[in-house]
Every structure is written in C-alpha cells, then in structure tokens.
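**Student:** Please read through the structure below; I'll follow up with questions.
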Amino acid sequence: MLTIYNTANHRKEVFKPVHEGEVRFYGCGPTIYNYAHIGNMRAFVFYDLLNRYLRYKGYKVTFCMNLTDIDDKTIRDSQKAGKKLREFTDFYGEEFMKDCATLHIQKPDIVPRATEEIPAMITLIQNLLDKGFAYKTEKGDVYFKIDQDPNYGQMAGIDAKNLRVNADGRLAQDEYEKENAQDFALWKGWVKEDGDNYWETPWGKGRPGWHIECSAMSKKYLGQPFDIHTGGVDLIFPHHTNEIAQSECAYGTKFVNYWMHNEHITVNGQKMSKSLGNCFTVNDLLKKGYSAEAIRYEFIKAHYRQKMDFQESALAGNQSVVDKFGNFMIRLKNEVNGEGWNDLPEALDVVQAGFEKGMDDDLNTSVALSELFDFMTKVNKNFDKLSLENAKNIQKVMEKFDSVLAIFPSLKQQSLTPEQERLIKTRQAARLAKDWGTADALKKELLDQGIEVKDTPTGPVWRII
RNA sequence: GGUCGGUUGGCAGAAUGGCUUAUGCAGAGGACUGCAAAUCCUUUUAUACUGGUUCGAUUCCGGUACCGACCUCCA
C-alpha cells in the first residue's frame, strides 16, 4: 500500500487515485534558458523515481511535465543571444532532454511547451475574469485577486493578511499597478522589451504569467482534480499556491489530491550559485569521469524530502556501489554452474517484500536499497550452489527493481571471437603448467582487448568490460 | 518579524518507547587466491546539549545551542 507525504496536509497519507488503477501526475518542468544543473536534476530524478515506481505497482500512469519556454529570462537571454525565442529555447530543451536520457530519466508521456498552450491559458484567464477573480489594468496586465480566494495560501501555511510585502526587496517599484501588492500576474501586457513575443487575446496582446501555464496544461491533459503534482520545495510558495488558487477558483473543484515536493541540494556544503561556480551540469561531472549511474545513485540513495549535500568526493564511492551491482549481475550471467539453492524462493520473497515496503513508505529508497544489499550478500554466500534456473530468477527480480532505480550499469554484449577463446584456453594451460609469465602476458593481452579474466576454483571466467 | 524543518559513527544515511541504532562507502585485519579480480568474515567511544513523562527515551513533551528553508527569480 503506497503512502505519500502530502505537502497539503503535512503528513503521510495512503495513496488513492481518482480513477481506480490509474495515476495522472504533473511535474513542474524546467525553464529552458540555460543548461540544467544537478540541483534541477535531483528534482527530475525524483519525478522519474515516482513515475517508475507507480508503473512497477501496476498503475496506468499518465505523467505530464511542462517546459517553460516563455518568461522574463527566456526572452532576455534569447535577445542577448540574438536569436528568436523558439530557436533559443529549442536548443536548451534538447540539451535538457539529453541530460535526462543520460541519467536514465524516462521521458514523460506528455511534455507540453508553454508557448504551444496559449489558448488553454486564455480560456482559464477569461474564466477567472468572468467570475470576478481577476482584473485588468491599464497596461494590459491581468492580475489574480487573492482576497477573493478565502483558501489562498493554505498549503504553504501562509496567511495572506500577514504576507510580508517585498520580503527580499526584490520587487521592482513599478510593479505596483496592482490593487494589492500580493496579487499575482496571470497575464502580462505587451511592452516593447518583449519584441515579437506576444499573443493576441480578448483583453489585448501580451504573454502569460508564470503560474498560469501549469494550471492550464494540467487541466487540459490530466483533468481536474488529478492525482499527484510534484515540484521542488521552493515552488510551494508562490508557484503552487497560485496554481491552486487559479484552478480551484476557475473550476470550483479541487485541483490536486497529493502534492509532493523534493528538497534542495547544496554542493560541497554551499548553496549553488553562479558566482561560486558550483552549478555543475551533468556534462561537467561526466567530463570528470563519473558515470551516469554514480550520479543518479547520489540522488537515489537519500530520501527525496531530505536536504542533501552533493559532494563530488561521494561520487567515487557511489561508483563502487554501482560496480557492485554490475559485478553481481554479470556473475549471474557468466559464473553460475551449481546444483540449485533451496533457500532462494524464501530469499526472493524477503527481498521483494522489503523493497516494496521501503518504496511504499513515501519512496524510502534507503530502506529499499538496504534490502537489495542484504539479498545480494545472501546470494553471494551461496553463489556456488546456484543453478542456471536460480540465476534466471534472481536476474529477473533484480531487473524488476532496477526498472525503478535505474542504477545498474548496462552490461556489454558478452561474446568472444574464436581467437579470444583460444587465448583464454592457452592461458589456462599455461597456468596449469605454472608458467606464470605466459599466463600473465596473455591476461594482459586479453585485457587490452577489453576482456577481463578471473580465475575461480572451477576454471577461468571472463567478461567484456 | 512570521511560518516550517533539521542535528545519528571517519563519511553518507535508515529505523525505532526495550530485543542487533539498519544498510552502503572509506579505513583496518582476516579467509580464499601463483598474482589479480570478485566474494565472504571480523572491526572502529554514533543518536547536539538539557529538563520532564516513563519500569525504560535516540524515539514522546519542554527548554537551550547550532544549521537551514520559505515569506512573489528558483528544482
């Protein structure tokens, strides 16, 4: 039974989907104006883990994640780059998808782009205007009137009356054409800095505000209410707070049943920032020689709601773990020749139950992983007993776990040329003759061809590395 | 100023009113081994401090210290 920590209620709840056997979930995607850094990627690995585990559980999942391709930053930086907005965001959108693929993040079922969903946003805004939850200004902006919404800020624990206006001093003075400083923009009227980035609407030309896109797209693709909405903790307020306000006021029904938020990471003990130069991208880390699996494992090994410090030094240790999984899987393929291990069925039951118990508890990957380690130790202890059928069953269950975790290194095609087979036989003959010089020379020769040979009591085994 | 979270060994990180405070990494020692690799075994004063409740608290309640998040850019 899957339980989920629901930010809306601040407690774990048993998950019950709107439609039996189906899950519809929405994750706030990136703004594609630059390369994604590892802090962004933690969120997307978290979404992916959820997506994969829901499928593991047998749900028919519809996962929708947006790409924000219109906002202040995309407009500003595309102009700086001397490019059309679309060309500019296409590039970073593709880079983002590449990073996701590298980290074994499965593509969401639906990946809408804000600029292609303007009609849905116009409908939603018009609805709010008609119902008196929004108002236009002379500049052509449309704002949401938060004092019309008695539930505003509930999830974030924010009382609208006590909002500290301009807490960080970040609001520009000229933004105060609103009736109330806390009202937020649904639509921004065209200004000349926007260039040709505008759309025509019944209330004038302009572009969408930040929050409206997620409300409009999730309604369009998932309906309302839908099951799960994910995002980083920073989005609880204002972004998700405003999404709730817009959607619930517009349609008079609940917006989302379960809100899940991942915590942020720091890097080597410090908050990520451009000035510190610690906004690593996936590519930066790959260039340093860390594997994609080691990077993904860094995100998987800790709970998604736990703040974590991303330490580069940890990646080497992660590689050991990933290799441990790899060794385990390849030995099952190459080294099994026993009579059969009678306790395997029980061990399989234990590990399966343990894995699911951990994952069912709000995606507690630490517990799930510890069950896998215990299981592997048990199997390794009895390795010489394993039959081919035993090995198949173990591989099957491990691959099932990895369909969720996606941290096992991919196995290379394991096959030898006749010449390589001959070399291994020659080497073994040399070993039996205690001709260590020849044996070691042949071992090196094979290794240069990417073949690692190990000697076991029952003879040599090899693998392509 | 308001709201919320955290503090577990060398590091990462679970869990729990008692029975082993998991698991992994790193280090040390050992087994196996021609060497290597893999694997197995053993191992290091870990629950911030403090008061309370309790037969018993790392866990529940209070206080203190420190760290952090959010309060209209943000994964």
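**Student:** Please compute the length gained on full extension between A:K73 and A:D147, using 0.36 nm multiplied by the number of residues separating them and subtracting their Cα-Cα distance.
**Tutor:** Difference between extended and current length: 23.7 nm.
**Student:** Could you go through segment A:329-345 in sequence order and give the Karplus-derived ³J(HN,Hα) for each residue, using 6.51 cos²θ - 1.76 cosθ + 1.60 with θ = phi - 60°, rounded to whole Hz, and x for Gly and Pro?
**Tutor:** 5, 6, 5, 4, 7, 9, 10, 8, 7, x, 8, x, 10, 5, 7, 4, x
**Student:** Please work out the FRET efficiency for the pair A:E138 and A:V233, using the Cβ-Cβ distance as r and a Förster radius of 35 Å; give the result to the nearest 0.05.
**Tutor:** 0.45
**Student:** With a bin width of 10 angstrom, please list the P(r) values of chain A as percents of all Cα-Cα pairs, from the 0 bin to the one holding the largest distance.
**Tutor:** Bins of 10 Å from zero give 4, 17, 24, 22, 14, 9, 6, 3, 1, 0 percent of pairs.
**Student:** Moving on. Can you give the FRET efficiency to the nearest 0.05 for A:E200 and A:T438, using r as the Cβ-Cβ distance and R₀ = 56 Å?
**Tutor:** In this case the efficiency is close to 0.10.
**Student:** Separate question: Based on the mean of other Cβ atoms within 10 Å per residue, sort peptides A:258-271, A:402-415 so the most packed one is first. Mind dumping the intermediate values first?
**Tutor:** Working: A:258-271: 17.9, A:402-415: 15.6.
The densest-packed peptide leads the list: A:258-271, A:402-415.
**Student:** How high is the relative contact order of segment A:1-133, given as a whole-number percent (alpha carbon pairs under 8 Å, six or more residues apart)?
**Tutor:** 26 percent
**Student:** Using a simple charge model, +1 on the beta-carbon of Lys and Arg, -1 on the beta-carbon of Asp and Glu, nothing else, what dipole does chain A show about its Cα centre, in debye to the nearest 20?
**Tutor:** 820 debye
**Student:** Return an integer: the convex hull volume of the alpha-carbon atoms of segment A:344-386, in Å³ per residue.
**Tutor:** Working: hull volume 1.8 nm³, N = 43.
Per-residue hull volume (Cα only) is 43 Å³.
**Student:** Mind running the shape call on segment A:209-357? Use the C-alpha gyration tensor, a ≥ b ≥ c as the square roots of the eigenvalues: rounded below 1.5 for a/c, prolate if a/b tops b/c, oblate otherwise.
**Tutor:** The shape class here is oblate.
**Student:** Net charge near A:D343, counting Lys/Arg +1 and Asp/Glu -1 over other residues with Cβ under 15 Å of its Cβ?
**Tutor:** Around A:D343, the charge tally is -3.
**Student:** Turning to a different aspect of this structure: Could you work out the local net charge near A:G354, counting Lys and Arg as +1, Asp and Glu as -1, over the other residues with Cβ closer than 15 Å to its Cβ? Walk me through the intermediate numbers first.
**Tutor:** Details: positive: A:K357, A:K378, A:K400; negative: A:E346, A:D349, A:E356, A:D360, A:D361, A:E371, A:D374.
After counting each charged neighbour, the total is -4.
**Student:** Another question, if that's okay. Report the label-to-label distance for A:Q428 and A:N342 in nanometres (one decimal), using points 7 Å from each Cα along the Cα→Cβ vector.
**Tutor:** The answer from the label model is 3.1 nm.
**Student:** Quick one: if the Förster radius is 22 Å, what FRET efficiency do A:V321 and A:I464 give, using the C-beta to C-beta distance and rounding to 0.05?
**Tutor:** 0.55
**Student:** Quick check on packing: order A:218-228, A:3-13 by the mean number of other C-beta atoms within 10 Å, highest mean leading.
**Tutor:** Top of the packing list down: A:218-228, A:3-13.
**Student:** Would you be so kind as to identify which of A:A250, A:I265, A:C214 lies farthest towards the positive end of the dipole of segment A:207-268, taking Lys and Arg as +1 and Asp and Glu as -1 on Cβ and the Cα centre as origin?
**Tutor:** Value: A:A250.
**Student:** Just want the answer: with Cβ charges of +1 for Lys and Arg and -1 for Asp and Glu, which residue in A:G338, A:F375, A:G358 is farthest toward the dipole's positive end in segment A:329-389?
**Tutor:** About the Cα centre, the residue reaching furthest to the positive side is A:G338.
**Student:** Something else: Would you tally the net charge around A:I118, using a Cβ to Cβ cut-off of less than 12 Å, leaving A:I118 out, and scoring K and R as +1, D and E as -1?
**Tutor:** Charge balance in the 12 Å sphere: -1.
**Student:** Neighbour counts of other C-beta atoms within 10 Å: give me A:E138, A:E293, A:E399 arranged from fewest to most.
**Tutor:** A:E138, A:E399, A:E293
**Student:** Given H placed 1.01 Å from N in the peptide plane, which residues other than close sequence neighbours of A:F310 have an amide H under 5 Å from its amide H?
**Tutor:** A:T266, A:V267, A:N268, A:G269
**Student:** Taking a label point 7 Å from the Cα of A:Q414 along the Cα→Cβ vector, which residues of segment A:427-450 have an amide N closer than 14 Å to it?
**Tutor:** none
**Student:** Please state the relative contact order of chain A as a whole percent: Cα pairs under 8 Å, 6+ residues apart?
**Tutor:** 16 percent
**Student:** To test your reading of the geometry: what angle, between 0 and 90 degrees and rounded to tens, separates the Cα axis of helix A:118-130 from the longest principal axis of chain A?
**Tutor:** Helix A:118-130 and the main axis of chain A meet at about 40 degrees.
**Student:** Out of A:C100, A:G27, A:L348, whose Cα points farthest toward the positive end of the dipole of chain A (charges: +1 Lys, Arg; -1 Asp, Glu; placed on Cβ)?
**Tutor:** Selected residue: A:L348.
The numbers here are math on the coordinates, done by the rules we state, and not lab data. Quantities reported herein were computed from a predicted structural model and do not represent experimental measurements. Here Cβ is always computed from backbone atoms with ideal geometry, including for glycine, and neighbour counts include all displayed protein chains.
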